Structure formats: C-alpha cells, structure tokens
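Engineer: Dropping the structure in here first, questions after.
The values are calculated or read from the model by the stated rules, or taken from the named source; none is laboratory data. Because the structure is a prediction, the values reported are computed rather than measured. Cβ placement follows ideal geometry from the backbone for every residue including glycine, while neighbour counts extend to all protein chains displayed. Accessible surface areas use protein heavy atoms only, side chains included; no ligands, DNA or RNA. Shrake-Rupley method; radii C 1.70, N 1.55, O 1.52, S 1.80 Å.
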Amino acid sequence: MSEWVNGTGGVWLFAIRHHSPACAANLKAALDELKPAQVLIEGPSDFTHLLPLLVDPRTLPPVAIVSLPEKADGAETIATYPFCEHSPEYVALRWADGAGAAAQFIDLPARHPDMRRRHARDDDHSGPLIQDWRLDHNAYVAELCARRGVPNGGALWDALFEAQGAGGWRGFFAATRLYCGHIRAVTKAEDIAADGDLAREAAMSAALIAAKTSEARGADGPIVVVTGGFHTPALEAALLSPPKVVAPPRASPQRAYLIRYGFKQLDRAAGYASGLPHPAWYQRLWLSLEGGRDPAEITGDLLSAFGDHLRRTAPQLALSTPTLTAAGLAAARLATLRDLPWPGRLELIDAVRSTAVKDAVEIGRTPLLEALDGFLTGDVIGDVPPGAAQPPIVASVRARAAALGFNLDTGEPRPRELDILRRPRHAQASRFLHALDLLDAGFARRISGPDPLTNWKAGLLIETWTYAWSPMVEQRLVGLAGDGETLEALCAAELRRRRKALEDQGASRASGVVAQLLVAAARTGFVALIDQALDWCAEAIGEDAEAASVIRALSLAAALASAADSGRSEAYRALRRRGFERLLLLFPHLAGTPPERLGELVAALAELAALVGGDEAEEDAAQREALCQAVEDVLAQSIPPALFGALAAFSGLVGGADPERVAARIATAMDGTYLRPGERAAALGGALAVSPRLLVRSEALLDAADAFLTGAQTDDFLALLPDLRLAFSQLTPGEVDAVADWAARRHGLAPAQLLDHGLDDAETAANLALSVALEARWRADGLSAWLGTPS
C-alpha cells in the first residue's frame, strides 16, 4: 500500500461500499482517531452547497439530493443521490460538521455527461447517481462465492465484511481496499471508460490534489477521502503520479433539492444498484455497531419484533414463542456452520424458513416469507427540516393531503373510501387525487366507485382508492416544480404538454381524443383548466373529419353536463350543440368511410343512439329529428353493409323509423340486397352491434335471421359469430330465454337444448374451426360425397 494510503503523506483513502453499516462504523472509528482537517467525499460537486442542510440535526435519513433536468422539455430526468443513517458518506459529513472539519463533494457535477454515461448506455436516464453493482457481478466475485459457499455477491460481502463489525478499522479497510482492487483489476479497461469512470476519477483526483496543496500551505490535520472502493485504486495512482492538470471541474449550484427518501427505495430488490437488500436489517446492524452492542443480539431482537409485527398486521401468520425460539437457535447454528461470528441476514431468513414454514416453498416464497421480506425491508421514510430548500409545491401538496385526511407517516399503501356525491370534503379529496393522477405522481390509484364523468357504475355512492406517500411522489413533484408553485399550475402545464403531444402526432383535430383532456381537467375541478380544455375541444370538433371521433366527444360532453354544477353545465351543453352541428355536416360523407374504420364508426353509432334516444327537451328533440333525416339520406346511398345495418338500427332506436320498417330493411339486406353471403352477415352484425334487442322485439327479423343463419355457409357463420356473441351478451336472461323459446318452437326442439352451457364460447369456436378444416380436407381428398353437399 502506498504512502498516501497509510497516511504518511497526510492523506487517507478509504475504500467503502455505499450504505454499508460496517464501513460506516469503521469509518467513524477512523475519523475519531485521525481527526482530519478535510473530508473529501465522492459526490457531485454541485451538491456541496446543500451540505449544511444535509447535516442539519432536523434532517432524518433516509433522504436524497435530487438534481432536476436542465431541459424544460423533460428530455433528461431526475438524478438522485440517496443517504441513509448508515451511509459512510453521511457518517463522514456528520462527523466533519461536529468536528469543524472542512467537507466537500469532489465528483463531477450531477449533470455532467460522464456522470450519466452508464444510464444513457442502458437507455435509462433516471435513478441514483452512485453505482456499486461491480462489487457483486464479475468473475472474481463468482469464484469467491463458489469457494465460500454463498449464493451471490451480496451474501459474500456480508460474510467478508458486514459480519466483521467494527473490530479494527485499519485491518477492515485494508481488506476492502484489497477486495475492491481485485475487482477493478479483472474489469476491462474499455468498460471502465465506457461507464464514464475515468473522467469521474480524474475529477476526484484533481480535487484531492488541490486539497492537499492547500493542506501543505497550512491546514492542520490530515485529509480523509471517502469513495466507492472501485475508485480508490485510481485515486491512489493519481497521488503517486499527479496529473499535469490539477484544476478540478467546477459547477455552479444547479436546481438541486433535498427530499425525503425511504427504505423501500434503498432496497436492492427495488432496482437500486448501490443498495443492499433489506435496509431495515442493516439499520439494526448499524444501531448495534454504533451503540457498542454485540451484533449477535440482533437476531433475537429482530425475531421478537417480527413476532409482534405479525400479531398486529397478519395474525393468521403469527408465530408462537417456541417457534421464534427455535428460529433463533437455528440461526445461531447456521452461523457456526457457515463460519460466521454471529447470525446475519441470510441466516435469519433461512432459520425462519426451516422452522416456521410448514408448506412447500416455491421459488423461495410463501406468505410468511413475503411478510418477513417486507419486515426486513422496512417502510421508514425520512424527513427534512421545515423550510428546507425544496420547491414550494412539495410542502403545498403535503399540507393539502394532510388537511384532506391522508396519512403520510409511512410508505405503506392505505385504502381510502370517498363518498363523493354526498360529502363535499370527500369530493375535494377526490379532485385532489385526480389532479395528482393527471400528473402521474404515483400517490394514489383508483380502484372502484361511481364515475359521473363517464357514467361508469353511476349508481354507486363510494369511490375507493389506495394511496401511499413515497419519496417517488416527492421526487416527481420536485421534477415538475418548474411548472409553477401550485397544484393547479402543474396540472395546467401537464394538460398543455399533452395538447402539444397531440399536435406533434397530428391528432389535435381528433375531438374524441381532445375530449379526454377535458375529462381530465373536469376531474381536477380547476375552473380555468376546464375552460381552456373546453376551448380546445370546441376547436377540434369544428375541424374533425371523423364522425366516430365527434360522437365520442359528444358523449363525453353529455356526461360532463349531467355531472357538472349549474355553473358549468351550460358550457358542456354548448359544446354538445357544436358537436351535433358538426355531425350533421359529416353524415352525408359516411358512405366513404374506409373499411378499416367501419368497426369504430358502428360502435360510435351505438353510443350516439344511447345518447339521443331518450332526450325529451325541445332542443334535443330538434337535434334528433335532424339526425334522423341525415340517416335517411345516407341509407338512400350505396353504403357498406355493416354501416347499412347499423344506420337502420340507429334510425329505429332514435325514432326515425318504426320497428317494422327497421326489421324489413335488415331482412331485405339478408335476403339478397347484397350478393355475397358475407355482406349479408355484415348487415346483420352492424344492426346487432347498435341494437342487440332488435331480435327480441321483431318476429319478422327473427324469421329473416333464422332463415339466413340456417342457409349460411360455415365461413359466413363464423364471420358473424363474434357479433352474435356480443349482441346476446347484452340481452337480459329473460330476453335470451325468449329468443331460445322462439327458436326451439320453430325447429321442433326443447328450449333447454338451446341453452346448454356445457361448451364455452372458445370451445365452440374451436370446434367450428375444426369442422371447417375437416371439410376442406375431405374435399381435397375427393370425399365431397360424404358431406352430402356438392363441392
């Protein structure tokens, strides 16, 4: 080891693993003994201005510094630098603050391209800036795992380092330096360069040399350098052969803030490459090491706490005292067998699995082990001082959530039921949740309930959500802080972004899509947003060339009008009138609808029929009459059969034609208006898609349909089968029985024979397809006579 590393040159290099309790405890012991004048830490140099806030006594880890994108369009996303109580970097910063030593971050600025190189290469521009993944994934680690008999690199680190506690910092850091040095030695130089490590290490080396120069000019005390172990050999080499250019890169403070973070986000299982699995376990280890307790006591404490946790949260999984005692004994014996001084995390898990799990374990998971996994991960969320350097929107949203009765203490999902139709405060909470949902904040998820905006389950009174305040919610709000200081401003900016995206896609004239923006605005309850979206929707309707799209916008406007207060309902009705006027201009052109758009148009006609069929207001009646005349004009043209059937059914539903005339039109279409059987099937399918109950209400149509289906070829019947299934699925059981009774009497069968549910739809379709294939095969083999019909 060089003179720099052992301290004779006034510099101590400590090779650490991020978030390692053993590294943190041994580093604290080293700092207490060495009493350095300067502490240099791997971390973005443009975060240094936040160090006073980070070490504020009111800051409670886990927390994270976040760096916001420089580009307003969001092409880059948030970069985070997390800290927990047992992060060696955090321990070093707290020590420096208490001892009056100078502390600084020495890495490249957070937004430097080489800090983001690995994320860009993986097509992942977000996430924590620090990476420890190399310490667990390479040939050297794999060989050591095999020799030690442990399953992976994390277990190997535990056995080699975490299990050693704080038994002597010099020997401990000599071992971490050797381990990390070997890992670096087996890593390809091109991989190190590709990840941006060389540029980062050059910056850290320059900062170290500059600090040593100032120390030589009079600083009282050594310099301590705390970096990820993979980088330590490069800094050592730089001290032995200083580079010619020693000016470290500097960056002015950027848009960076301190936010709350959580154990769940620190967990390696959540995808955090520098995290250790089960942070709550390592927090217990840290508290034990810091308090000078025997780490062997952790197992008993944790088992006892886990037993209490189960009794509170999952009593059906609760463990008896003898079982917990047996698990503690098993963990101790496993530690002895594995040559460990005391049971670690894996020994605890294996002990619970062997003593408390009674059922077969598939892929290592049972309800009990899932509960243990969650317990060892923990749900702790940190805190930042009041008035911390955060965008006002974070505090504003938290305060609003608390005022509306949401519990923000932990990251555990909680249910919330809202009686939005009868309780004003619950309606306010619903609008708040919908606003955050518009922002994709990840705070809550709607499970069920009434939705007056779309008439979905409108008869229910309770809206159900699950919610959890997590660091990711805070991080998202920080990322949106540039849009404004209020929730309304953020929602307005998000709606503008979505409108701009529609413009970029050439869809800003698709009024049915633009109307979705109106629905989103209405759900937030922000009047200015609603008015803006109304203007967008009216503009899109006036330019939309697709009738199906206009009908969708009409339907949404009608739903909004029925759910809105009197102050807004007139604006929605005006939008609906504009939609009807546009439809009357578009109906004469329906004959030119491309085949690939017919299905969408037929479905829209069914929606329009439901919208106007029952209106009684004078204005609505006039609109309905105008639509009926437009439909008649289209039916007089040469139009696709599916559209003919749909429009004929539509005319009957809205009063443009009596049922007998509708049935006659469709019966004529099936009887030969269209030459090909497939077209006749399409006419029936279009009619049933708009009005499934046509078959029930018209015996003439039943006669025509039965005659057509009886004589239809198998291919034509299979083509029509999806429409038939959809139509009959919308009938009531009584209506299905009525049709079955009619068909049974017509063909001399018992109704029960037609209502046999022994075969489901999928099996029926498969059997029919097999029949078609067999028939084709027989004809190919010259066996047409066997079929009883000519080939």
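Engineer: Kindly provide the set of residues from the range 505-562 that are charged (D, E, K, R) and in contact with a helix residue (DSSP H, G or I) (Cβ under 9 Å, 6 or more places away or on another chain), ordered by number.
Structural biologist: Within the range 505-562, Arg509, Arg523, Asp531, Glu539, Glu543, Asp544, Glu546, Arg552 meet the criteria.
Engineer: Do we find a residue being assigned to a helix (DSSP H, G or I), surrounded by 14 or more Cβ atoms within 10 Å (Cβ to Cβ), at pLDDT below 90 and basic (Lys, Arg) anywhere in the range 555-573?
Structural biologist: There is at least one residue in the range 555-573 that is assigned to a helix (DSSP H, G or I), surrounded by 14 or more Cβ atoms within 10 Å (Cβ to Cβ), at pLDDT below 90 and basic (Lys, Arg).
Engineer: Sticking with this structure for a sec: So Val246 passes all but one of these: (1) open to solvent by less than 50 Å² (accessible area, probe 1.4 Å); (2) modelled with pLDDT under 90; (3) hydrophobic (A, V, I, L, M, F, W, C); (4) over 38 Å from the mean Cα position of the chain (by Cα). Which condition number does it fail?
Structural biologist: Unmet for Val246, out of (1) open to solvent by less than 50 Å² (accessible area, probe 1.4 Å); (2) modelled with pLDDT under 90; (3) hydrophobic (A, V, I, L, M, F, W, C); (4) over 38 Å from the mean Cα position of the chain (by Cα): (1).
Engineer: Identify, please: which residue in the range 476-522 is closer than 14 Å to Asp440 by Cβ and of a type in the set (Lys, Arg) and is, among those, surrounded by the most Cβ atoms within 10 Å (Cβ to Cβ)?
Structural biologist: Within the range 476-522, the match that is surrounded by the most Cβ atoms within 10 Å (Cβ to Cβ) is Arg476.
Engineer: Name the residues in the range 103-140 that are in a loop (DSSP other than H, G, I, E, B), at pLDDT 75 or above and charged (D, E, K, R), would you?
Structural biologist: Arg111, Asp136
Engineer: A further question on this structure: Go through the range 458-475 and report how many residues are buried (at least 22 other Cβ atoms within 10 Å of the Cβ), modelled with pLDDT under 85 and touching a Leu at 6+ places or on another chain (Cβ under 8 Å).
Structural biologist: 0
Engineer: Got a number for residues in the range 180-216 being of a type in the set (Val, Ile, Thr) and under 17 Å from Arg134 (Cβ atoms)?
Structural biologist: 4
Engineer: Still on this structure, please answer the following. Here is a list of conditions, (1) out of contact with any strand residue (DSSP E or B) (no Cβ under 6 Å at 6 or more places or on another chain); (2) open to solvent by less than 10 Å² (accessible area, probe 1.4 Å); (3) at pLDDT below 95, and Gly100 meets all of them except one; can you say which number that is?
Structural biologist: Gly100 satisfies all of (1) out of contact with any strand residue (DSSP E or B) (no Cβ under 6 Å at 6 or more places or on another chain); (2) open to solvent by less than 10 Å² (accessible area, probe 1.4 Å); (3) at pLDDT below 95 except (2).
Engineer: Residues of the range 37-52 being in a helix (DSSP H, G or I) and either within 19 Å of Gln390 (Cβ to Cβ) or charged (D, E, K, R) (or both), which ones?
Structural biologist: Across the range 37-52, the qualifying residues are Asp46, Phe47, Thr48, His49, Leu50, Leu51, Pro52.
Engineer: Does any residue of the range 396-406 turn out to be open to solvent by less than 70 Å² (accessible area, probe 1.4 Å), over 22 Å from the mean Cα position of the chain (by Cα), at pLDDT below 90 and more than 29 Å from Leu266 (Cβ to Cβ)?
Structural biologist: No: the range 396-406 contains no residue that is open to solvent by less than 70 Å² (accessible area, probe 1.4 Å), over 22 Å from the mean Cα position of the chain (by Cα), at pLDDT below 90 and more than 29 Å from Leu266 (Cβ to Cβ).
Engineer: Would you mind stating whether Asp379 is assigned to a helix (DSSP H, G or I), among the acidic types (Asp, Glu), closer than 20 Å to Phe263 by Cβ and in contact (Cβ under 8 Å) with a residue 24 or more places away in the chain?
Structural biologist: no
Engineer: Kindly indicate which of Thr227, Thr176 is in a helix (DSSP H, G or I) and crowded, with 22+ Cβ neighbours inside 10 Å.
Structural biologist: Matching residue, one of Thr227, Thr176: Thr176.
Engineer: Does the range 160-169 include one or more residues that are within 25 Å of Asp350 (Cα to Cα), in contact with a Gly (Cβ under 7 Å, 6 or more places away or on another chain) and in a helix (DSSP H, G or I)?
Structural biologist: yes
Engineer: Tell me which of these Pro322 doesn't satisfy, since it passes every other one: (1) surrounded by fewer than 16 Cβ atoms within 10 Å (Cβ to Cβ); (2) part of a loop (DSSP other than H, G, I, E, B).
Structural biologist: Going through the list (1) surrounded by fewer than 16 Cβ atoms within 10 Å (Cβ to Cβ); (2) part of a loop (DSSP other than H, G, I, E, B), Pro322 breaks only (2).
Engineer: Let me ask another. Can you list the helices (runs of 4 or more DSSP H) lying wholly within the range 249-315 that have 3 or more residues being of a type in the set (Phe, Trp, Tyr), under 24 Å from Lys28 (Cβ atoms) and at pLDDT 90 or above?
Structural biologist: The helices (runs of 4 or more DSSP H) meeting that bar are 279-290.
Engineer: Assess whether Gly196 counts as being surrounded by fewer than 19 Cβ atoms within 10 Å (Cβ to Cβ) and in contact with an Asp or Glu (Cβ under 9 Å, 6 or more places away or on another chain).
Structural biologist: Against the criterion (surrounded by fewer than 19 Cβ atoms within 10 Å (Cβ to Cβ) and in contact with an Asp or Glu (Cβ under 9 Å, 6 or more places away or on another chain)), Gly196 does not qualify.
Engineer: Give Val662, Val634 a once-over and let me know the one that is in a helix (DSSP H, G or I) and under 16 Å from Leu598 (Cα atoms).
Structural biologist: Answer to the selection: Val634.
Engineer: Test of understanding: among Ala75, Ala64, which residue is over 26 Å from Glu162 (Cα atoms), among the small types (Gly, Ala, Ser) and modelled with pLDDT under 95?
Structural biologist: After applying the criteria, what remains is Ala75.
Engineer: Moving to a separate point now. In this structure, is Ala427 surrounded by fewer than 19 Cβ atoms within 10 Å (Cβ to Cβ), under 30 Å from Cys84 (Cβ atoms) and either without any contact (Cβ under 8 Å) to a residue 24 or more places away in the chain or of a type in the set (A, V, I, L, M) (or both)?
Structural biologist: no
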